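The values are calculated or read from the model by the stated rules, or taken from the named source; none is laboratory data. Because the structure is a prediction, the values reported are computed rather than measured. All Cβ positions, glycine included, derive from the backbone under ideal geometry; neighbour counts span all protein chains shown. Accessible surface is based on the protein model in full, side chains and every heavy atom, while ligands, DNA and RNA are left aside. Shrake-Rupley method; radii C 1.70, N 1.55, O 1.52, S 1.80 Å.
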Amino acid sequence: KAGVTQTPRYLIKTRGQQVTLSCSPISGHRSVSWYQQTPGQGLQFLFEYFSETQRNKGNFPGRFSGRQFSNSRSEMNVSTLELGDSALYLCASSLNRETEAFFGQGTRLTVV
Amino acid sequence: AQSVTQLDSQVPVFEEAPVELRCNYSSSVSVYLFWYVQYPNQGLQLLLKYLSGSTLVESINGFEAEFNKSQTSFHLRKPSVHISDTAEYFCAVSAPTGGFKTIFGAGTRLFVKA
């Protein structure tokens, strides 16, 4: 059974640009969550999608957005990139809300 | 709202020594508790979880954690660590009142020395 797949693994962008990250959950998983991991702030919850609907949202500015498709694949978008957006972005999928999350290897975004 | 506190940011320990990584949570309702491990340049992997039932949960690689409701703790222990256990460990909590949003602690870096 394939795990959670995140693409791309590494990304370098310039300030002011926008970026889209992709996450393919484990087959059958309908819940997808996104996290930002930085050395200073640790793991911070961005948002969670279930059956194409955003169910939970963390405390991030509106520049951070996401969506989920009918096949449960999810994308997150960051517009007008800032240097502080440099981080490891992790996606996790789960069968439903009450079960454990399985994480992808992450996308390391560097903003220069 | 739930919160998680991992009391130690770094724990150095010698190989074959016992280790305890501390985790306290805050919640006014029943919670689910998890420990995840992250190796360098990797995502997080579930180590063990407490959903209900027995308060002592074990992983396949020798770690165990005990849910203590009165002390709101979920400390992770291993009686004898290996070099390969060097990693960052995250305690996490989720609860129905938070929409099962999983909240992570700041992490504890376990460094096993030869």
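Using the Kirkwood radius built from alpha carbon pairs, what does the Stokes-Einstein equation give as D for the protein assembly as shown at 20 °C and 1.002 mPa s, in µm² per second?
Answer, rounded: 119 µm²/s.
Lys and Arg at +1, Asp and Glu at -1: add these up for the other residues within a Cβ distance under 14 Å of A:Val111 and post the number.
Around A:Val111, the charge tally is +2.
Taking the Cα centre of chain B as origin, sum charge times position over the Cβ atoms of Lys and Arg (+1) and Asp and Glu (-1), and report the length of that vector in debye to the nearest 20.
320 debye
For segment B:40-55 and segment A:1-19, write down the distance between their C-alpha centroids in whole Å.
If we compute the Cα centre of each part, the gap is 25 Å.
Can you tell me the dipole magnitude for the protein assembly as shown around its Cα centre, using point charges on the Cβ only (Lys, Arg +1; Asp, Glu -1), in Debye to the nearest 20?
Computed about the Cα centre, the dipole is about 660 debye.
What is the percent carbon and sulfur in the accessible area of chain A, measuring with a 1.4 Å probe over the protein chains and ignoring ligands?
Ligands and nucleic acids excluded, carbon and sulfur give 48 percent.
Could you work out, for segment B:48-110, what percent of all Cα-Cα pairs fall into each 10 Å distance bin, beginning at 0 Å and stopping at the bin that holds the largest distance?
With a bin width of 10 Å, the distribution comes to 18, 50, 28, 4.
Per-residue mean of other chain beta-carbon atoms within 10 angstrom of the beta-carbon, peptide B:29-41?
So the per-residue partner count for this stretch is 2.
With a 1.4 Å probe and every protein chain kept in, tell me what percent of the accessible surface of chain B is carbon plus sulfur.
That fraction is 50 percent.
Test of understanding: what is the full-extension gain from B:Ser26 to B:Arg77, defined as 0.36 nm times their sequence separation minus their Cα-Cα distance?
Full-extension gain reported as 16.3 nm.
How large is the dipole of chain A about the Cα centre if only Lys and Arg carry +1 and Asp and Glu carry -1, each at its Cβ, rounded to the nearest 20 debye?
160 debye
Sort the following peptides by mean Cβ neighbour count (other Cβ atoms within 10 Å, averaged over residues), highest first: A:24-35, B:29-40.
Order by mean packing, descending: A:24-35, B:29-40.
Which whole number gives the average, over all residues in A:11-17, of C-beta atoms from other chains lying within 10 Å of the residue C-beta?
0
Run the count for the protein assembly as shown, please: Lys pairs, Cα-Cα under 22 angstrom, 8 or more apart or on different chains.
8
Provide the gained length on full extension for the span B:Asp8 to B:Ser52, in nm with one decimal, where the gain is 0.36 nm per separating residue minus the Cα-Cα distance.
13.2 nm
Suppose each label sits 7 Å from its Cα in the direction of the beta carbon; what would the B:Arg109-A:Thr7 distance come out to in nanometres?
Taking the two extended label points, one gets 3.3 nm.
Across peptide A:81-92, how many C-beta atoms of other chains are within 10 Å of each residue C-beta, on average?
Taking the mean over all residues of the peptide, I get 1.
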